[in-house]
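Every number in this text was worked out from the coordinates using simple rules, so none of it is lab data. Here the structure is a predicted model, which means the values were calculated and not measured. Here the Cβ positions follow ideal geometry from the backbone for every residue, glycine too, while neighbour counts run over all protein chains shown.
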Amino acid sequence: MKINVIIIDKKGKDQLYAPLIEHYKKISKPFAKVEVIELFDKEIAKAQDISPEAAQRSYSKALEKYLGSGINIALDPASKEVDSFEFAKLLKDSVTVNFYIGGAYGFERDFLSKCNNAVSFGKITLSHKLVKVVLMEQIFRGLTINHNHPYHK
Ligand SMILES: C[S@@+](CC[C@H](N)C(=O)[O-])C[C@H]1O[C@@H](n2cnc3c(N)ncnc32)[C@H](O)[C@@H]1O
């Protein structure tokens, strides 16, 4: 199984979160190959200086090329809240799952409508970097639930 975490963020390993990301990638390996894909370019930087709408459009443009294969799930605070067991079900029976984390201005409605699903980790707004860490832990938790591994107990 392949799981892609696709995020609007500058490339590069930050000291704070990178060790945790690597940790969850490593412990998930027996169940799935988890890859993090960071997307950021001059167009996004410029659009963020213009308006929230322009920023969202630039995120959609960068992210849409990944929608073609697999199941696509956006992380969106305003969408349906799921518990870890519901989240685990999203990973079941799929060869490829793509998760999307937006930039500072969130997603366009149009991008959300092109995804198979959109889920929330609660009503609070988390930074995209923190969402990435929480998502990595929930992916590992979900995989252990689906494989009846004791971690999730
Ligand atoms: C700084 S937040 C964007 C905030 C923006 N106002 C919005 O409503 O989406 C950046 C990204 O982190 C993710 N995110 C933040 N909080 C979240 C939550 N509680 N549940 C799910 N995703 C969240 C989303 O992918 C969001 O696009």
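The table below gives the values:
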quantity: Only Lys, Arg (+1) and Asp, Glu (-1) charged, at Cβ; segment 6-96 dipole about Cα centre in debye; calculated: 380
quantity: Highest-MSF residue in the chain out of G106, G142, G122 [GNM, Cα springs under 10 Å]; calculated: G122
quantity: For segment 21-32, 3J(HN,Hα) per residue [Karplus equation, 6.51 cos²θ - 1.76 cosθ + 1.60, θ = phi - 60°, Hz, x = Gly/Pro]; calculated: 4, 4, 4, 5, 4, 5, 6, 7, 3, x, 10, 7
quantity: Fewest-first sequence of M136, M1 by Cβ atoms within 10 Å of each Cβ; calculated: M1, M136
quantity: Cβ-based net charge around F40, under 11 Å, with every Lys or Arg adding one and every Asp or Glu removing one; calculated: -1
quantity: Segment 62-153 - Debye-derived log10 I(q)/I(0), Cα point model, q = 0.16 Å⁻¹; calculated: -0.65
quantity: Dipole magnitude of the chain about its Cα centre (Cβ charges: Lys, Arg +1; Asp, Glu -1), debye to nearest 20; calculated: 420
quantity: Helix-only [θ]222 nm of the chain, DSSP H runs n ≥ 4, -39500 (n - 2.57) each, per residue, nearest 500; calculated: -13000 deg cm²/dmol
quantity: Euclidean distance between Cα centres, segment 108-140 to segment 28-42, Å; calculated: 14
quantity: Charge sum, other residues only, whose C-beta stays under 12 Å from K13's C-beta, Lys/Arg counted +1 and Asp/Glu -1; calculated: -1
quantity: Residue with peak Gaussian network fluctuation, the chain [Cα springs, cutoff 10 Å], from A18, A74, A54; calculated: A18
quantity: Sum of side-chain charges, F111 neighbourhood, beta-carbon under 10 Å (Lys, Arg +1; Asp, Glu -1); calculated: 0
quantity: Sparse-neighbourhood loop sites, chymotrypsin sites (Phe, Trp or Tyr not before Pro) in segment 92-140 - DSSP loop, at most 14 other Cβ within 10 angstrom; calculated: none
quantity: Other-chain or far-sequence residues with amide H under 5 Å of I71's (modelled H); calculated: T96, V97, N98
quantity: For D76, residues with placed amide H under 5 Å, excluding near neighbours; calculated: V119, S120, F121
quantity: Which of F99, L63, F87, positive extreme of dipole for segment 56-100 (C-beta unit charges); calculated: L63
